[in-house]
Amino acid sequence: MNLNRRTAGFTLVEIMLVVIIIGILAAMVIPNFAGRSKDAQLKATKNDIEVAIPMALDMFEIENGGYPTTDQGLKALIRKPDSGIGSGDTWNGPYLKKKDVPSDPWGNSYVYVSPGVNNPESFDLYSFGADGKESADDITNWNS
């Protein structure tokens, strides 16, 4: 009988070394990803405000002779308005792929004003940003 035979498995020291190595690697990698979600939210919002929604609004304007009114809002890009601009036979929507009016990455509605205060020939489109209220972090479709 062989009493010096070692059973299969890891020793406590080996397991501790692996845990320490994983901890060191995590400490080096995690700070690189911190703040990336905020950057991604800002980029997504800017894309919506500068490209995606304005493209749909421009298509609406071309087909219907004007932008939706403030009262009609961005809903006019999804559903044919009951009255006013876009309520006739020229509405060929929906103009957005999604079946709902998009929200910003923080779950707030985009603010749409037409004609715009800052863009009187077209529309103002903006997000209140992460804090959800008018402040310095607002993302707009005009230059401040």
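So, in the range 49-75, how many residues would count as being assigned to a helix (DSSP H, G or I), over 18 Å from the mean Cα position of the chain (by Cα) and of a type in the set (Gly, Ala, Ser)? The number of residues fulfilling the criteria is 1. Among residues of the range 1-12 being at pLDDT 75 or above, part of a loop (DSSP other than H, G, I, E, B) and not aromatic (Phe, Trp, Tyr), the one that is surrounded by the fewest Cβ atoms within 10 Å (Cβ to Cβ) is Gly9. Looking only at the range 116-129, residues that are touching a residue at least 40 places away in the same chain (Cβ under 8 Å), out of contact with any helix residue (DSSP H, G or I) (no Cβ under 6 Å at 6 or more places or on another chain) and either under 17 Å from Leu74 (Cβ atoms) or surrounded by fewer than 17 Cβ atoms within 10 Å (Cβ to Cβ) (or both) come to 3 in all. Residues considered: Gly73, Gly66. Of these, the only one that is in contact with a helix residue (DSSP H, G or I) (Cβ under 9 Å, 6 or more places away or on another chain) and small (Gly, Ala, Ser) is Gly66.
Kindly evaluate Thr140 against the criterion of being exposed (fewer than 14 other Cβ atoms within 10 Å of the Cβ) and either at pLDDT 90 or above or touching a Gly at 6+ places or on another chain (Cβ under 6 Å) (or both). Reasoning before the result, please.
Numbers: exposed (fewer than 14 other Cβ atoms within 10 Å of the Cβ): no; either at pLDDT 90 or above or touching a Gly at 6+ places or on another chain (Cβ under 6 Å) (or both): yes.
Considered against the rule, which asks whether it is exposed (fewer than 14 other Cβ atoms within 10 Å of the Cβ) and either at pLDDT 90 or above or touching a Gly at 6+ places or on another chain (Cβ under 6 Å) (or both), Thr140 comes out as no.
Annotation note: Cβ proximity below 6 Å between a residue of the range 66-86 that is aromatic (Phe, Trp, Tyr) and a residue that is in a loop (DSSP other than H, G, I, E, B) (sequence gap 6+ or interchain) occurs for Tyr67/Ser114; Tyr67/Phe123. Checked against (1) of a type in the set (Lys, Arg); (2) out of contact with any strand residue (DSSP E or B) (no Cβ under 9 Å at 6 or more places or on another chain); (3) at pLDDT 90 or above; (4) assigned to a helix (DSSP H, G or I), Lys46 passes all but a single condition, namely (2).
Listed residues Ile85, Ile78, Ile15, Ile21; which is closer than 23 Å to Tyr126 by Cβ, hydrophobic (A, V, I, L, M, F, W, C), modelled with pLDDT under 95 and over 23 Å from the mean Cα position of the chain (by Cα)?
On the way: Ile78 fails: over 23 Å from the mean Cα position of the chain (by Cα); Ile15 fails: closer than 23 Å to Tyr126 by Cβ; Ile21 fails: closer than 23 Å to Tyr126 by Cβ.
Among Ile85, Ile78, Ile15, Ile21, only Ile85 is closer than 23 Å to Tyr126 by Cβ, hydrophobic (A, V, I, L, M, F, W, C), modelled with pLDDT under 95 and over 23 Å from the mean Cα position of the chain (by Cα).
It is to be established whether one or more residues within the range 92-115 are modelled with pLDDT under 90, in contact with a Gly (Cβ under 9 Å, 6 or more places away or on another chain), crowded, with 16+ Cβ neighbours inside 10 Å and in a loop (DSSP other than H, G, I, E, B). Checked the range 92-115: at least one residue is modelled with pLDDT under 90, in contact with a Gly (Cβ under 9 Å, 6 or more places away or on another chain), crowded, with 16+ Cβ neighbours inside 10 Å and in a loop (DSSP other than H, G, I, E, B).
Based on this model, can you work out whether Asp48 counts as touching a Ser or Thr at 6+ places or on another chain (Cβ under 6 Å), surrounded by 15 or more Cβ atoms within 10 Å (Cβ to Cβ) and under 22 Å from Ile139 (Cβ atoms)? Spell out the reasoning first.
Working: touching a Ser or Thr at 6+ places or on another chain (Cβ under 6 Å): no; surrounded by 15 or more Cβ atoms within 10 Å (Cβ to Cβ): yes; under 22 Å from Ile139 (Cβ atoms): yes.
No, not satisfied.
The values are calculated or read from the model by the stated rules, or taken from the named source; none is laboratory data. All figures in this text were calculated on a predicted structure; none of them were measured in a lab. Glycine gets a Cβ as well: all are built from the backbone with ideal geometry, and neighbour counts include every protein chain shown.
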